[in-house]
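Undergrad: Mind looking over this structure? Questions follow.
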Amino acid sequence: MTDSDQMGTWDKSAEMLVHQDEPYNAEAPPGALESRITPVDTFYARNHAPIPRIDSASWRLRVDGLVDRPLELSMDDLRRLPERTVVATLQCAGNRRADLVEIRDIPGQVPWGPGAISTAKWSGASLADVLAEAGVRPEAAHIAFIGADVSQRATPPQPFGGSLPLAKASSSEVLLAWAMNDQALPAAHGAPLRVIVPGWIGARSVKWLQRISAQSEPTDNYYQTEYSILPPEADPTAAGPGVGITLGPVGIHCAILRPGRNAHLASGPTEVSGFAFAGDDRTVARVDVSTDRGRTWTRADLDPPEHLWTWQHWRTTLTLPPGEAVLVARAWDSTAAVQAESPATVWNPRGYANNAAAHLRVTCHP
Ligand SMILES: Nc1nc2c(c(=O)[nH]1)N[C@H]1C(S)=C(S)[C@@H](COP(=O)(O)O)O[C@H]1N2
Ligand SMILES: [Mo]
(Lines give C-alpha, C1' and ligand atoms only; values in the text may rest on other atoms or scores of the structure.)
(Ligands and ions follow the chains in the order given, each with its own letter.)
Protein backbone atom coordinates (compact mmCIF):
# COMPACT_ATOMS: atom_id res chain seq x y z
CA MET A 1 0.00 0.00 0.00
CA THR A 2 1.38 3.41 -0.96
CA ASP A 3 1.42 6.53 1.15
CA SER A 4 -1.09 8.21 -1.13
CA ASP A 5 -3.53 5.37 -0.50
CA GLN A 6 -3.07 5.92 3.22
CA MET A 7 -3.81 9.60 2.95
CA GLY A 8 -6.38 9.41 0.18
CA THR A 9 -10.12 9.60 0.29
CA TRP A 10 -12.03 7.17 2.41
CA ASP A 11 -12.93 5.30 -0.81
CA LYS A 12 -16.58 5.04 0.08
CA SER A 13 -19.77 4.91 -1.96
CA ALA A 14 -21.66 8.18 -2.53
CA GLU A 15 -24.63 6.43 -0.86
CA MET A 16 -23.00 6.43 2.57
CA LEU A 17 -24.97 8.38 5.21
CA VAL A 18 -22.20 10.72 6.32
CA HIS A 19 -22.42 12.26 9.81
CA GLN A 20 -18.95 13.83 9.79
CA ASP A 21 -16.22 14.26 7.16
CA GLU A 22 -13.21 14.65 9.48
CA PRO A 23 -12.91 12.39 11.28
CA TYR A 24 -14.98 10.38 8.84
CA ASN A 25 -18.11 8.89 10.41
CA ALA A 26 -20.68 7.33 8.12
CA GLU A 27 -23.47 4.76 8.23
CA ALA A 28 -24.03 2.01 5.73
CA PRO A 29 -26.99 2.88 3.45
CA PRO A 30 -30.14 0.79 4.15
CA GLY A 31 -29.67 -1.32 0.98
CA ALA A 32 -26.22 -2.44 2.18
CA LEU A 33 -27.74 -3.95 5.33
CA GLU A 34 -29.82 -6.40 3.31
CA SER A 35 -26.97 -8.61 2.11
CA ARG A 36 -25.14 -11.12 4.28
CA ILE A 37 -21.73 -9.59 3.52
CA THR A 38 -21.41 -5.83 3.25
CA PRO A 39 -19.27 -4.59 0.34
CA VAL A 40 -16.21 -2.65 1.52
CA ASP A 41 -17.38 0.61 -0.07
CA THR A 42 -20.65 0.61 1.92
CA PHE A 43 -19.28 -0.82 5.20
CA TYR A 44 -19.90 1.70 8.00
CA ALA A 45 -16.92 3.73 9.24
CA ARG A 46 -16.34 4.97 12.79
CA ASN A 47 -13.30 7.10 13.58
CA HIS A 48 -12.09 9.33 16.40
CA ALA A 49 -9.18 10.94 14.51
CA PRO A 50 -7.81 11.30 10.98
CA ILE A 51 -6.36 8.16 9.30
CA PRO A 52 -2.76 7.86 10.54
CA ARG A 53 -0.02 7.77 7.93
CA ILE A 54 1.61 4.33 8.14
CA ASP A 55 4.33 2.87 5.93
CA SER A 56 3.55 -0.85 6.14
CA ALA A 57 7.12 -1.84 5.15
CA SER A 58 8.71 -0.20 8.19
CA TRP A 59 5.67 -0.73 10.48
CA ARG A 60 6.20 -3.17 13.38
CA LEU A 61 3.75 -4.66 15.87
CA ARG A 62 5.10 -4.57 19.43
CA VAL A 63 3.96 -7.27 21.84
CA ASP A 64 5.03 -6.58 25.42
CA GLY A 65 3.95 -6.31 29.06
CA LEU A 66 3.51 -9.52 31.08
CA VAL A 67 5.02 -11.85 28.45
CA ASP A 68 8.08 -14.12 28.53
CA ARG A 69 9.31 -13.04 25.07
CA PRO A 70 8.50 -9.45 23.97
CA LEU A 71 8.13 -9.37 20.17
CA GLU A 72 8.49 -6.93 17.31
CA LEU A 73 6.71 -8.36 14.29
CA SER A 74 6.69 -7.15 10.68
CA MET A 75 3.81 -7.88 8.32
CA ASP A 76 5.97 -10.64 6.79
CA ASP A 77 6.45 -12.20 10.25
CA LEU A 78 2.69 -12.14 10.83
CA ARG A 79 1.91 -13.65 7.43
CA ARG A 80 4.03 -16.68 8.34
CA LEU A 81 1.45 -17.61 10.99
CA PRO A 82 -1.50 -19.78 9.90
CA GLU A 83 -4.08 -17.59 8.12
CA ARG A 84 -7.54 -17.72 9.68
CA THR A 85 -10.83 -16.38 8.33
CA VAL A 86 -13.89 -15.30 10.30
CA VAL A 87 -17.13 -13.83 8.94
CA ALA A 88 -18.15 -11.31 11.60
CA THR A 89 -20.59 -8.45 12.08
CA LEU A 90 -19.15 -5.27 13.60
CA GLN A 91 -21.49 -2.90 15.35
CA CYS A 92 -20.70 0.45 16.92
CA ALA A 93 -21.92 0.74 20.52
CA GLY A 94 -23.44 4.08 19.43
CA ASN A 95 -25.64 2.46 16.79
CA ARG A 96 -29.24 3.79 17.00
CA ARG A 97 -28.27 6.61 19.38
CA ALA A 98 -30.69 8.85 17.41
CA ASP A 99 -33.63 7.06 19.08
CA LEU A 100 -32.13 7.78 22.51
CA VAL A 101 -31.63 11.46 21.66
CA GLU A 102 -35.40 11.69 21.08
CA ILE A 103 -35.92 10.67 24.72
CA ARG A 104 -33.36 13.11 26.11
CA ASP A 105 -30.57 15.05 24.36
CA ILE A 106 -27.05 13.54 24.23
CA PRO A 107 -24.69 16.39 23.38
CA GLY A 108 -21.31 15.89 21.70
CA GLN A 109 -21.98 12.40 20.32
CA VAL A 110 -22.71 11.25 16.77
CA PRO A 111 -26.51 10.76 16.37
CA TRP A 112 -26.23 7.39 14.61
CA GLY A 113 -29.30 5.87 12.98
CA PRO A 114 -29.51 2.09 12.56
CA GLY A 115 -26.66 1.76 10.02
CA ALA A 116 -23.55 1.73 12.25
CA ILE A 117 -23.34 -2.02 11.65
CA SER A 118 -21.93 -4.14 8.80
CA THR A 119 -20.58 -7.63 8.14
CA ALA A 120 -17.36 -8.69 6.43
CA LYS A 121 -15.14 -11.69 5.87
CA TRP A 122 -11.94 -10.96 7.80
CA SER A 123 -8.63 -12.80 7.35
CA GLY A 124 -5.41 -12.63 9.28
CA ALA A 125 -3.55 -14.26 12.14
CA SER A 126 -5.25 -15.50 15.26
CA LEU A 127 -4.41 -13.25 18.22
CA ALA A 128 -4.05 -16.45 20.28
CA ASP A 129 -1.18 -17.59 18.01
CA VAL A 130 0.69 -14.30 18.54
CA LEU A 131 0.09 -14.45 22.30
CA ALA A 132 1.39 -18.04 22.37
CA GLU A 133 4.55 -16.94 20.58
CA ALA A 134 5.10 -14.21 23.19
CA GLY A 135 4.24 -16.47 26.13
CA VAL A 136 1.64 -14.73 28.31
CA ARG A 137 2.64 -14.90 31.97
CA PRO A 138 0.20 -16.24 34.60
CA GLU A 139 -0.21 -12.78 36.23
CA ALA A 140 -1.72 -11.39 33.00
CA ALA A 141 -5.52 -11.08 32.96
CA HIS A 142 -6.12 -8.55 30.15
CA ILE A 143 -4.76 -7.89 26.67
CA ALA A 144 -4.55 -4.20 25.71
CA PHE A 145 -4.40 -2.80 22.16
CA ILE A 146 -3.09 0.58 21.02
CA GLY A 147 -3.72 2.12 17.59
CA ALA A 148 -1.64 4.70 15.74
CA ASP A 149 -4.32 7.42 15.46
CA VAL A 150 -4.23 10.15 18.10
CA SER A 151 -7.57 11.46 19.37
CA GLN A 152 -7.98 15.01 20.64
CA ARG A 153 -10.96 14.02 22.77
CA ALA A 154 -8.79 12.79 25.61
CA THR A 155 -6.83 15.33 27.70
CA PRO A 156 -3.95 15.16 26.97
CA PRO A 157 -4.59 13.63 23.50
CA GLN A 158 -3.91 9.88 23.30
CA PRO A 159 -3.97 7.10 20.76
CA PHE A 160 -7.17 5.07 20.43
CA GLY A 161 -7.04 1.86 22.49
CA GLY A 162 -9.02 -0.78 24.31
CA SER A 163 -8.58 -4.11 26.05
CA LEU A 164 -10.10 -7.57 26.35
CA PRO A 165 -10.12 -10.00 29.25
CA LEU A 166 -7.58 -12.76 28.55
CA ALA A 167 -10.29 -15.41 28.01
CA LYS A 168 -11.83 -13.54 25.06
CA ALA A 169 -8.42 -12.47 23.71
CA SER A 170 -7.34 -16.15 23.67
CA SER A 171 -10.46 -17.32 21.81
CA SER A 172 -9.83 -18.57 18.29
CA GLU A 173 -12.25 -16.09 16.64
CA VAL A 174 -10.28 -12.98 17.65
CA LEU A 175 -8.11 -11.98 14.68
CA LEU A 176 -5.33 -9.60 13.76
CA ALA A 177 -6.73 -8.96 10.30
CA TRP A 178 -4.94 -7.80 7.17
CA ALA A 179 -7.73 -8.62 4.69
CA MET A 180 -11.41 -7.68 4.42
CA ASN A 181 -13.70 -9.44 1.91
CA ASP A 182 -10.62 -11.01 0.25
CA GLN A 183 -9.00 -7.62 -0.43
CA ALA A 184 -6.07 -6.00 1.35
CA LEU A 185 -7.47 -4.22 4.43
CA PRO A 186 -8.23 -0.64 3.30
CA ALA A 187 -6.62 2.34 5.06
CA ALA A 188 -10.03 3.47 6.32
CA HIS A 189 -10.54 0.16 8.10
CA GLY A 190 -7.17 0.00 9.84
CA ALA A 191 -4.38 -1.03 7.41
CA PRO A 192 -1.97 -2.62 7.69
CA LEU A 193 -3.41 -4.52 10.68
CA ARG A 194 -6.46 -4.32 12.93
CA VAL A 195 -8.01 -6.35 15.68
CA ILE A 196 -11.35 -8.06 15.00
CA VAL A 197 -13.30 -9.02 18.12
CA PRO A 198 -16.38 -10.91 16.88
CA GLY A 199 -19.52 -10.42 18.98
CA TRP A 200 -18.12 -7.47 20.95
CA ILE A 201 -18.73 -3.73 20.45
CA GLY A 202 -16.82 -2.29 17.48
CA ALA A 203 -14.67 -0.10 19.74
CA ARG A 204 -12.64 -3.12 20.90
CA SER A 205 -11.66 -3.94 17.28
CA VAL A 206 -8.73 -1.51 17.32
CA LYS A 207 -7.60 -0.30 13.88
CA TRP A 208 -4.06 0.69 12.81
CA LEU A 209 -2.76 -1.61 15.54
CA GLN A 210 0.71 -0.74 16.87
CA ARG A 211 1.07 -2.44 20.19
CA ILE A 212 -0.36 -5.32 22.21
CA SER A 213 0.35 -5.47 25.97
CA ALA A 214 -0.45 -8.21 28.45
CA GLN A 215 -1.39 -6.65 31.79
CA SER A 216 -3.02 -7.45 35.12
CA GLU A 217 -5.75 -4.79 34.75
CA PRO A 218 -7.90 -3.50 31.85
CA THR A 219 -6.24 -0.68 29.89
CA ASP A 220 -6.57 2.85 31.29
CA ASN A 221 -6.99 4.18 27.72
CA TYR A 222 -9.62 6.93 27.49
CA TYR A 223 -11.78 4.85 25.13
CA GLN A 224 -11.94 1.78 27.34
CA THR A 225 -14.13 3.59 29.90
CA GLU A 226 -15.68 6.06 27.44
CA TYR A 227 -17.51 3.06 26.02
CA SER A 228 -19.51 2.34 29.16
CA ILE A 229 -23.10 2.68 30.34
CA LEU A 230 -23.35 5.43 32.97
CA PRO A 231 -26.25 5.72 35.40
CA PRO A 232 -28.94 8.05 33.99
CA GLU A 233 -28.10 10.99 36.27
CA ALA A 234 -24.28 10.86 35.87
CA ASP A 235 -22.47 13.76 34.16
CA PRO A 236 -20.73 12.11 31.18
CA THR A 237 -17.96 14.74 31.14
CA ALA A 238 -17.09 14.26 34.82
CA ALA A 239 -17.71 10.53 35.45
CA GLY A 240 -14.49 8.78 36.46
CA PRO A 241 -13.52 5.21 35.60
CA GLY A 242 -15.50 2.64 37.56
CA VAL A 243 -18.76 4.65 37.52
CA GLY A 244 -20.07 2.97 34.40
CA ILE A 245 -20.60 -0.56 33.16
CA THR A 246 -17.79 -1.16 30.67
CA LEU A 247 -19.17 -2.49 27.40
CA GLY A 248 -18.00 -5.76 25.88
CA PRO A 249 -20.38 -8.28 24.30
CA VAL A 250 -23.17 -6.86 22.13
CA GLY A 251 -26.79 -7.31 23.32
CA ILE A 252 -29.55 -8.88 21.19
CA HIS A 253 -31.05 -6.37 18.77
CA CYS A 254 -32.80 -6.08 15.43
CA ALA A 255 -33.72 -3.62 12.69
CA ILE A 256 -36.61 -3.32 10.23
CA LEU A 257 -35.26 -2.71 6.70
CA ARG A 258 -38.47 -3.11 4.65
CA PRO A 259 -40.75 -1.33 4.32
CA GLY A 260 -38.30 1.57 4.30
CA ARG A 261 -38.87 4.78 6.23
CA ASN A 262 -41.55 6.93 4.57
CA ALA A 263 -42.49 4.14 2.15
CA HIS A 264 -45.85 4.58 0.41
CA LEU A 265 -47.87 1.50 1.21
CA ALA A 266 -51.18 0.13 0.09
CA SER A 267 -53.11 -1.77 2.76
CA GLY A 268 -53.11 -5.53 2.37
CA PRO A 269 -50.28 -8.11 2.47
CA THR A 270 -46.94 -6.37 2.92
CA GLU A 271 -43.49 -7.89 3.05
CA VAL A 272 -41.66 -6.87 6.25
CA SER A 273 -37.98 -7.78 6.61
CA GLY A 274 -34.82 -6.93 8.48
CA PHE A 275 -31.95 -8.46 10.41
CA ALA A 276 -31.23 -9.34 14.01
CA PHE A 277 -27.88 -9.69 15.72
CA ALA A 278 -27.10 -11.59 18.91
CA GLY A 279 -23.69 -10.66 20.26
CA ASP A 280 -20.86 -12.77 21.64
CA ASP A 281 -21.32 -16.50 21.03
CA ARG A 282 -25.12 -16.30 21.12
CA THR A 283 -27.38 -16.70 18.08
CA VAL A 284 -30.77 -15.21 17.23
CA ALA A 285 -33.46 -17.68 18.28
CA ARG A 286 -36.65 -15.90 17.18
CA VAL A 287 -37.95 -12.62 15.76
CA ASP A 288 -41.55 -11.49 16.41
CA VAL A 289 -43.33 -8.68 14.57
CA SER A 290 -46.44 -6.80 15.71
CA THR A 291 -48.76 -4.32 13.97
CA ASP A 292 -50.81 -3.56 17.11
CA ARG A 293 -48.09 -2.26 19.48
CA GLY A 294 -47.35 -5.66 20.95
CA ARG A 295 -50.82 -7.01 21.66
CA THR A 296 -50.31 -9.83 19.15
CA TRP A 297 -47.16 -11.08 17.42
CA THR A 298 -46.32 -12.89 14.20
CA ARG A 299 -43.23 -15.06 14.13
CA ALA A 300 -40.91 -14.11 11.24
CA ASP A 301 -38.95 -16.56 9.06
CA LEU A 302 -35.39 -16.36 10.31
CA ASP A 303 -32.22 -17.34 8.46
CA PRO A 304 -30.21 -19.99 10.31
CA PRO A 305 -27.00 -18.84 11.99
CA GLU A 306 -24.72 -19.67 9.07
CA HIS A 307 -21.80 -18.09 10.88
CA LEU A 308 -21.79 -17.83 14.66
CA TRP A 309 -20.55 -14.23 14.61
CA THR A 310 -22.96 -12.60 12.16
CA TRP A 311 -26.36 -11.04 11.87
CA GLN A 312 -29.29 -13.16 10.69
CA HIS A 313 -31.90 -11.80 8.28
CA TRP A 314 -35.65 -12.38 8.73
CA ARG A 315 -38.84 -11.72 6.79
CA THR A 316 -42.61 -12.14 7.06
CA THR A 317 -45.78 -11.01 5.30
CA LEU A 318 -48.25 -8.97 7.33
CA THR A 319 -51.65 -7.56 6.53
CA LEU A 320 -51.53 -3.87 7.34
CA PRO A 321 -54.70 -2.01 8.23
CA PRO A 322 -55.52 1.19 6.30
CA GLY A 323 -54.37 4.35 8.08
CA GLU A 324 -51.52 4.78 10.55
CA ALA A 325 -49.82 1.83 12.22
CA VAL A 326 -46.61 1.15 14.11
CA LEU A 327 -44.64 -1.95 13.22
CA VAL A 328 -42.66 -3.39 16.11
CA ALA A 329 -39.99 -6.08 15.75
CA ARG A 330 -38.29 -7.76 18.67
CA ALA A 331 -35.63 -10.48 18.72
CA TRP A 332 -34.80 -13.19 21.25
CA ASP A 333 -31.35 -14.75 21.54
CA SER A 334 -30.29 -18.31 22.32
CA THR A 335 -30.12 -17.50 26.06
CA ALA A 336 -33.78 -16.30 25.88
CA ALA A 337 -32.77 -12.65 26.39
CA VAL A 338 -35.20 -10.32 24.62
CA GLN A 339 -34.94 -6.67 23.57
CA ALA A 340 -36.21 -3.89 25.82
CA GLU A 341 -39.59 -2.55 24.71
CA SER A 342 -38.60 1.10 24.48
CA PRO A 343 -35.47 3.26 24.13
CA ALA A 344 -36.57 5.02 27.34
CA THR A 345 -35.71 1.84 29.27
CA VAL A 346 -32.12 1.80 28.04
CA TRP A 347 -31.39 5.58 27.85
CA ASN A 348 -27.93 6.41 29.22
CA PRO A 349 -25.92 9.67 29.24
CA ARG A 350 -23.47 8.70 26.48
CA GLY A 351 -26.10 6.98 24.38
CA TYR A 352 -24.59 3.53 24.00
CA ALA A 353 -26.04 0.06 23.42
CA ASN A 354 -29.56 1.04 22.41
CA ASN A 355 -30.99 -2.40 21.77
CA ALA A 356 -34.66 -1.53 22.23
CA ALA A 357 -37.18 -3.20 19.92
CA ALA A 358 -37.35 -1.71 16.41
CA HIS A 359 -40.32 0.57 15.68
CA LEU A 360 -41.48 1.81 12.28
CA ARG A 361 -44.42 4.16 11.76
CA VAL A 362 -46.25 3.39 8.51
CA THR A 363 -49.22 4.90 6.70
CA CYS A 364 -51.29 2.66 4.45
CA HIS A 365 -53.57 3.97 1.74
CA PRO A 366 -56.77 1.98 1.30
N1 LIG B 1 -7.48 2.95 16.05
C2 LIG B 1 -8.83 3.05 16.06
N3 LIG B 1 -9.54 1.93 16.11
C4 LIG B 1 -10.88 1.99 16.14
C5 LIG B 1 -11.57 3.22 16.14
C6 LIG B 1 -10.80 4.40 16.08
O7 LIG B 1 -11.31 5.53 16.04
N8 LIG B 1 -9.42 4.27 16.04
N9 LIG B 1 -12.95 3.23 16.22
C10 LIG B 1 -13.54 2.05 16.85
C11 LIG B 1 -14.98 2.01 16.79
S12 LIG B 1 -15.79 2.93 17.96
C13 LIG B 1 -15.64 1.19 15.93
S14 LIG B 1 -17.32 1.06 16.03
C15 LIG B 1 -14.93 0.41 14.90
C16 LIG B 1 -15.41 0.78 13.53
O17 LIG B 1 -14.74 0.03 12.55
P18 LIG B 1 -14.85 0.45 11.03
O19 LIG B 1 -14.54 1.91 10.88
O20 LIG B 1 -13.90 -0.44 10.30
O21 LIG B 1 -16.28 0.18 10.62
O22 LIG B 1 -13.53 0.63 14.94
C23 LIG B 1 -12.99 0.78 16.24
N24 LIG B 1 -11.57 0.82 16.16
MO1 LIG C 1 -17.97 2.38 17.93
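Undergrad: Once you've got the GNM for the chain with C-alpha springs shorter than 10 Å, pick whichever of Leu78, Leu265, Leu66 has the biggest mean-square fluctuation.
TA: Residue with maximal mean-square fluctuation among Leu78, Leu265, Leu66: Leu265.
Undergrad: Using +1 on the beta carbon of Lys and Arg, -1 on that of Asp and Glu, and nothing else charged, what's the dipole of the chain about the Cα centre, debye to 20? Spell out each step's value before the answer.
TA: Values: 32 positive and 41 negative charges, 102 e Å.
With only Lys, Arg, Asp and Glu charged at Cβ, the dipole is about 500 debye.
Undergrad: While we're here: Provide the three semi-axes, in whole Å and in decreasing order, of the ellipsoid equivalent to segment 63-147 as defined by the square roots of 5 times the Cα gyration tensor eigenvalues. Show your work: numbers first, answer last.
TA: Values: eigenvalues 262, 66, 21 Å².
Each semi-axis is √(5λ); the values are 36, 18, 10 Å.
Undergrad: Pull out a ≥ b ≥ c, the square roots of the eigenvalues of the alpha-carbon gyration tensor of segment 225-366, then state rounded if a/c is under 1.5, prolate if not and a/b is larger than b/c, and oblate in the remaining case. Don't jump to the answer; show the numbers that get you there.
TA: Values: a/c = 2.84, a/b = 1.63, b/c = 1.74.
It is oblate, given that a/c is not under 1.5 and a/b is not larger than b/c.
Undergrad: I need to check one value: relative contact order of segment 1-153, counting alpha carbon pairs closer than 8 Å and at least 6 residues apart, in percent.
TA: With pairs under 8 Å counted, the relative contact order is 27 percent.
Undergrad: Given N residues in segment 279-334, what is Rg(Cα) / (2.2 N^0.38 Å)? Don't skip to the end; give the middle numbers.
TA: On the way: Rg = 13.0 Å, N = 56, 2.2 N^0.38 = 10.2 Å.
Taking N as the residue count of segment 279-334, the ratio is 1.28.
Undergrad: Apply 1/(1 + (r/R0)^6) to the Cβ-Cβ distance of Arg153 and Ser216, taking R0 = 35 Å, and write down the FRET efficiency to the nearest 0.05.
TA: The formula returns an efficiency of 0.85 here.
Undergrad: Beta carbons within 10 angstrom, averaged per residue: use that to sort the peptides 207-220, 347-360, highest first.
TA: Working: 207-220: 19.3, 347-360: 22.9.
Descending packing order for the listed peptides: 347-360, 207-220.
Undergrad: Just want to confirm a number: the relative contact order over the chain, from Cα pairs under 8 angstrom separated by 6+ residues, in percent.
TA: Details: 920 pairs, mean separation 60.3, N = 366.
Relative contact order comes out at 16 percent.
Undergrad: Provide the net charge surrounding His142, with neighbours chosen by a C-beta distance below 10 Å and charges set as Lys +1, Arg +1, Asp -1, Glu -1.
TA: Values: positive: Lys168; negative: Glu217.
Result for the neighbourhood of His142: 0.
Undergrad: Another one. If I compute solvent accessible area with a 1.4 Å probe over the protein chains, what percent of it on the chain is carbon and sulfur?
TA: Details: 7950 of 15660 Å².
The value for the chain is 51 percent carbon and sulfur by accessible area.
Undergrad: Excluding ligands, DNA and RNA, what is the solvent-accessible area per residue of the chain at a probe of 1.4 Å, expressed in Å²?
TA: Values: 15660 Å² over 366 residues.
Averaged over the residues of the chain, the accessible area is 43 Å².
Undergrad: Computed FRET efficiency, Cβ-Cβ of Asp281 and Glu83, R0 22 Å: what is it to the nearest 0.05?
TA: Details: r = 22 Å, r/R0 = 1.01.
Step by step, r from the Cβ atoms, then E = 0.50.
Undergrad: Stick to Cα atoms and the Kirkwood definition of Rh, then tell me Rg/Rh for segment 138-282. Each step should come with its number before you reach the end.
TA: Working: Rg = 18.8 Å, Rh = 17.6 Å.
Looking at segment 138-282, the ratio lands at 1.07.
Undergrad: For segment 263-341 and segment 90-121, what is the separation of their Cα centres, given in Å?
TA: Using only Cα atoms to place each centre, the spacing works out to 20 Å.
Undergrad: I want to check the label-to-label distance for Asp64 and His264. Put each point 7 Å from Cα in the C-beta direction and report it in nm to one decimal.
TA: Computed distance between label sites Asp64 and His264 equals 6.4 nm.
Undergrad: Per residue and in Å³, how big is the convex hull formed by the alpha-carbon atoms of the chain? Mind showing how you got there, number by number?
TA: Details: hull volume 48.2 nm³, N = 366.
Looking at the chain, the number lands at 132 Å³ per residue.
Undergrad: Ok, one more. Is the shape of segment 16-72 rounded, prolate or oblate, going by the alpha carbon gyration tensor and its root eigenvalues a ≥ b ≥ c, with a/c under 1.5 for rounded and a/b larger than b/c for prolate?
TA: prolate
Undergrad: Could you work out [θ]222 nm for the chain from helices alone, using -39500 (n - 2.57) per DSSP H run of at least four and dividing by all its residues? Round to the nearest 500 deg cm²/dmol.
TA: On the way: 7 runs with 36 residues, N = 366.
Using -39500 (n - 2.57) per qualifying helix, the result is -2000 deg cm²/dmol.
The values are calculated or read from the model by the stated rules, or taken from the named source; none is laboratory data. Since we're looking at a predicted model, the values are computed, not measured. Please note: Cβ atoms are built from the backbone with ideal geometry, for glycine as well, and neighbour counts cover all protein chains shown. Surface areas here come from the heavy atoms of the whole protein model, side chains and all, with no ligands, DNA or RNA. Shrake-Rupley method; radii C 1.70, N 1.55, O 1.52, S 1.80 Å.
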